[in-house]
Every structure is written in C-alpha cells, then in structure tokens.
1. Taking the options Ala515, Ala534, Ala555, name whichever one is of a type in the set (A, V, I, L, M, F, W, C) and under 19 Å from Pro368 (Cα atoms).
2. Could you figure out which of (1) of a type in the set (Ser, Thr, Tyr); (2) modelled with pLDDT under 95; (3) over 26 Å from Lys317 (Cβ atoms) isn't true of Ser212?
3. Working only within the range 491-522, note down all residues that are assigned to a loop (DSSP other than H, G, I, E, B) and aliphatic (A, V, I, L, M).
4. Of these, Ala125, Ala129, which one is farther than 19 Å from Ile353 by Cβ and touching a helix residue (DSSP H, G or I) at 6+ places or on another chain (Cβ under 6 Å)?
5. Among (1) surrounded by fewer than 14 Cβ atoms within 10 Å (Cβ to Cβ); (2) more than 30 Å from Pro368 (Cβ to Cβ), there is one condition Pro471 misses while meeting the rest; what is its number?
6. Part of a loop (DSSP other than H, G, I, E, B) and crowded, with 17+ Cβ neighbours inside 10 Å, is that true of Thr274?
7. Report every pair of residues separated by at least 6 positions or lying on different chains whose Cβ atoms are under 9 Å apart, first residue within the range 35-53 and under 11 Å from Arg6 (Cα atoms), second among the acidic types (Asp, Glu) and surrounded by 11 or more Cβ atoms within 10 Å (Cβ to Cβ).
8. Take the conditions in the same structural domain as Tyr569 (by TED's automatic domain parsing), within 24 Å of Pro520 (Cα to Cα) and surrounded by 19 or more Cβ atoms within 10 Å (Cβ to Cβ) and apply them to Pro443. Does it pass?
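The values are calculated or read from the model by the stated rules, or taken from the named source; none is laboratory data. Predicted, not measured: the structure shown is a model, and the values here were computed from it. Glycine also receives a Cβ, built like all others from the backbone with ideal geometry; neighbour counts cover every protein chain displayed.
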Amino acid sequence: MNDELREQVEREAEKHALLNAVKHQSDAAVGAVMGPLMGDNPDFREHADAVPSVVGGVVARVNELEYDEKRARLEELAPEELAEIEAEDEADEHDLPDLPNADDYDEIRMRCAPNPNGPWHVGHARMPAVIGTYRDRYDGWFCVRFDDTDPETKRPDLDAYEAILEDCDYLGFKPDATYRASDRLETYYGHARDLIEMGGAYTCSCSGEAFSDLKNSGEPCPHRDKDAETVLEEFEAMIDGEHSSGELVLRVKTDIEHKNPALRDWVAFRMIDTPHPREEASGYRCWPMLDFQSGVDDHLLEITHIIRGIDLQDSAKRQRFVYDYFGWDYPEVIHWGHVQLDEYDVKMSTSTITALIEAGELDGWDDPRAPTLKSLRRRGIRGEAIVEAMVDLGTSTSDVDLAMSTIYANNRELIDDETDRRFLVRDGNQLPLAGSPPDEANPPLHPNHEDRGVREIPVGDSVLLEPEDLPQREDRIWLKGLGCFQFTRDVLQYTGEDIDVVREGDVDVVHWVPATESVPVRMRTMEGDVTGRAEPGVADIEPDEMVQFERVGFARIDRHDEKETVAYYAHP
C-alpha cells in the first residue's frame with residue numbers, strides 16, 4: 001500500500017470510526033468500521049489484507065478521545081452525517097409522537113380524569129403513563145380530576161379516590177393538582193345559568209322516549225323556545241331538589257337537524273334521587289352530565305391537550321357547542337383505541353372485578369388472578385415496567401393488544417440483577433441420600449455476583465425433588481450446589497464426581513431442598529395457590545423483597561406466618 005492510499009484509508013477510517021463512536025456514545029470497534037468503510041470505498045477492496053491494520057491504528061487513536069472531542073472532530077469531517085445521527089437520536093428519544101401544536105402553548109397542561117368507582121385495572125394505567133410521560137417531556141402540568149358526578153349508575157367508591165392516587169404513585173407519577181368534580185357543583189351551576197341567559201339551554205320535561213322520537217326525526221322539542229327567565233326559574237327548582245329523577249332535564253340547544261342525532265340538544269343536567277356517597281356532596285340532587293362538567297373544567301383548568309378513547313369522539317363534538325356559546329378555544333384532542341390484555345381469565349372491567357370480589361370469587365383487588373394494578377404491585381412487578389409497556393403502545397386510534405409477557409420482560413430487566421436466587425420444590429417427592437455427601441450446600445446467592453456470597457443449605461439425610469426431576473433407576477443427576485448422585489436401590493448415592501459430568505452433557509442439573517429443614521411455602525399465582533417447600537434461608541427474607549426461585553420464577557415475599565411463608569408469583 002503506497003503512502004497516498006494509506007492516507008486515504010486513514011482519512012476514511014477516521015470518519016467511520018467517529019461515526020461509530022458518536023452514534024453509540026462508546027468506543028469504536030474495528031469490525032463495525034470495516035463494513036461501511038469498504039462499502040463506501042470499493043477501491044480499497046483489492047487491498048483487503050492491508051486495510052484492517054491501518055484501520056486498527058486509526059480506531060485506537062479515536063478511542064483515546066473524549067466524547068466531546070470525537071463529536072467536534074466528526075463535525076469537522078462530516079457535518080451532514082453528524083446531523084443525521086443526532087436527528088435519529090432525537091427521533092428515537094421518544095416512543096410517543098409529538099403533541100399536536102405543542103409549540104403554540106406556553107405550558108402543556110393535561111388531565112387524567114378517572115371515575116372513582118373502583119381501583120384501576122391494568123388498562124387504566126395507559127392514561128397516567130402516557131400523560132405523565134408527556135408532562136415530564138414537555139416540563140408541563142397534569143392533574144387528576146375525579147369525574148364523580150354520577151352517584152347512581154357509576155356510583156363512586158369512597159376508597160377508590162385514595163386507591164387511584166396510590167396507583168398513580170406506583171406508576172411513578174405525582175399529579176400537580178387533584179380535584180373532585182363533586183366539590184365543584186356550584187361552578188357548573190353558574191356556567192349553566194350563564195348558558196341559559198345566552199339562550200343556549202332549556203329545561204325539558206319530555207320523557208326519554210318522546211324526546212328520542214323528536215330527535216331522530218329532526219323535530220324541535222316543544223319546550224325549546226321557552227324564555228330564559230322561565231328556564232332559569234325551572235333550573236333553580238332543579239337545584240333546590242324540587243323535582244325527582246326523570247321529571248326535568250336541562251338541555252344544551254344545538255342543531256336539531258344535525259346529521260348526527262347524538263349531538264342534537266343533548267342533556268347537560270339531570271335529577272338523581274340517589275344521594276352521593278361523599279357526605280360533602282350528598283345534599284345535591286341536580287347533577288351535570290359528564291360532557292358538560294368535563295368541558296367546563298377543561299376550560300377552567302386551562303387544559304391544552306386531551307387524550308380520550310376513540311369511542312368518545314362525540315364528547316368533543318358536544319362540548320364544542322358549549323365552547324362556541326362561551327367563545328372558548330377547544331383543547332387539542334388525541335383519540336386512541338382500547339387496550340386489550342392477554343393472559344387473564346377475568347375481564348378487564350371495574351364492574352366485573354367488583355362483582356367477583358363481592359361474590360367471593362376473588363379475594364380482593366390485589367388477588368393475583370385480578371387484572372389490576374394492585375395485583376401487579378403485590379406480585380412484585382414495578383410500575384416502571386408497566387409504564388414502559390404502555391408508552392410503547394403509542395397513541396394509535398386502533399385497538400391495541402398488550403401481552404403481559406412484555407410487562408414481564410420489562411420487569412425482569414429491572415430486577416434480575418439485584419434479585420437473589422433460592423430453591424423451591426413444588427409437590428416434592430422425598431428421596432434418601434447415601435454415600436456421605438457434604439453436610440452443607442453452598443450455591444451462590446446470584447450467579448453473576450460472587451461478591452454477594454453463597455447460601456448455606458443444610459443437607460440432612462434426604463431431599464425433596466419435583467416430580468418431573470425424579471431420576472430413573474441408575475440415572476445420575478446433579479443436585480445444584482451440592483454434587484453428583486446416582487439413583488440406586490431407591491436412594492440417591494453420592495458419587496463425588498466433579499462438574500465435568502454436567503459439562504459433558506450426561507447429567508441433568510436439578511434444584512432441591514432438604515426434606516427436614518426446608519420451610520413450607522404457599523405461592524399465590526394467576527392459576528391459584530401452589531404449595532411447596534423452600535430452602536431454610538427463605539424464612540429470613542424480609543417481606544416485600546423479591547426472590548428468584550430457580551427454575552420456577554420470580555416472586556415477592558409477602559409475609560411469614562406461623563405455619564408458612566406466603567409468596568406472590570410475578571413471572572418466569
């Protein structure tokens with residue numbers, strides 16, 4: 001290779017080494033540089049034997065530079081390629097699309113508006129996960145606003161308010177503010193009065209069936225042209241509780257001939273005889289419908305972006321009529337599809353889960369069989385794993401499938417390195433030992449962290465094995481952390497052979513526990529409770545700590561009772 005060619009190779013190699021190093025923010029690798037280098041420079045191929053040694057020297061020099069020096073040098077040599085890398089990095093930084101027209105607002109303000117009729121199921125996590133992520137991304141603001149203005153059909157659960165905030169905290173997000181719509185009735189009444197005075201609302205005593213017939217035929221309600229003074233008087237009578245459920249409603253005056261009948265003169269307030277469960281709101285009987293209440297609150301709270309289900313597209317259309325009357329600007333809206341979850345036999349529905357709990361078929365909201373956040377939390381699945389899975393779903397208008405295996409994989413990545421190992425044998429079969437095996441087994445607490453030390457498992461005169469691990473006569477097995485045994489005359493005879501018998505592929509490695517000094521464990525799983533016995537050290541693990549039962553899976557230690565240790569199974 002002549003000097004001119006060498007200089008050309010060095011120049012091109014430096015550029016590609018810098019590209020590789022800056023893109024991955026690490027040292028460049030010769031192998032990663034060679035491919036694109038030779039692809040961009042086909043003239044180098046006839047010198048393929050000499051090029052690698054030149055590239056190796058260049059890569060070594062590049063790797064001696066600090067990252068900022070590498071970037072600065074790349075900007076000199078290949079500014080366009082550097083810009084492409086940084087554009088890719090910026091695009092890859094976020095799994096969620098940019099919020100529409102985000103630059104038009106001084107502050108991004110969003111809301112999570114749950115109905116507090118029960119703690120959250122897994123699907124509910126999508127809203128706080130995405131909104132919280134956007135809040136952090138834009139340095140914005142978000143609130144939890146409990147839309148609890150239906151004390152009858154979606155009756156609030158008094159415990160759910162705090163439970164939902166705890167679920168938010170579990171997912172890693174703390175709202176900037178919290179509101180209860182049932183505290184804000186007077187605010188909604190005031191806006192209703194203003195709307196009536198504008199001629200934008202009227203009281204209606206038609207039966208639901210009668211109004212439906214009028215609406216569907218595009219005919220106006222006979223009460224539609226009442227004067228504002230009469231409407232105000234009748235609305236005040238509603239507020240004072242002088243009407244019973246179904247007797248009188250307040251309707252927003254829209255377009256009675258609108259092409260979508262669902263938008264024609266929709267109900268803004270109705271009478272509900274059932275008292276609200278919150279004492280502070282129990283005296284009210286005139287309640288706003290969700291479209292009116294949330295529309296007013298979104299304006300007053302200066303919400304800039306709303307995320308809601310695709311099935312609620314008509315809500316925005318209804319609310320725009322109110323916004324037009326008041327001259328308000330409507331927030332940006334993102335509609336998304338529903339989340340569908342695999343693996344559970346129980347339907348992901350608050351009402352369904354509540355009914356199963358009341359019937360005694362589930363122990364509670366944290367039953368491992370329940371598709372709830374409380375259940376996942378008790379099983380030892382971190383909120384971060386759920387958030388990552390939800391954010392990865394994006395904001396598509398299509399219904400999306402979420403595999404629990406995705407959440408499990410995320411959680412495994414978070415906990416695997418810090419979780420110690422233990423043995424658990426389910427439905428164990430007892431086999432005696434012979435041949436003077438060691439008195440104690442010392443498998444590592446974690447196979448990748450020798451510094452954590454080993455477990456001290458007393459061996460005794462017999463062990464328990466899982467049924468599928470029982471050897472056939474004259475077979476050898478390796479009891480993990482203890483040694484090699486041969487099954488002879490109904491006993492496990494210690495052979496003293498070293499680990500090479502395993503490496504040669506002739507001997508299966510199985511987990512085990514001592515028959516007499518092991519501790520009883522009840523492991524709660526999605527399929528029901530599983531009983532077994534674990535190595536003695538499990539009894540010393542603090543509740544709420546995670547453990548990996550080798551060849552079984554990860555579990556969270558829940559409690560130690562007099563008779564047993566209770567663990568909640570997380571995932572494989």
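1. Working: Ala515 fails: under 19 Å from Pro368 (Cα atoms); Ala534 fails: under 19 Å from Pro368 (Cα atoms).
When all the criteria are applied, what remains is Ala555.
2. All conditions are met except number (3).
3. Within the range 491-522, Ile499, Val507, Ala515 qualify.
4. Result of the check over Ala125, Ala129: Ala129.
5. Condition not satisfied by Pro471: (1).
6. Numbers: part of a loop (DSSP other than H, G, I, E, B): yes; crowded, with 17+ Cβ neighbours inside 10 Å: no.
No: the conditions fail for Thr274.
7. Sorted first by the residue in the range 35-53, then by its partner, the pairs are Phe44/Glu12.
8. yes
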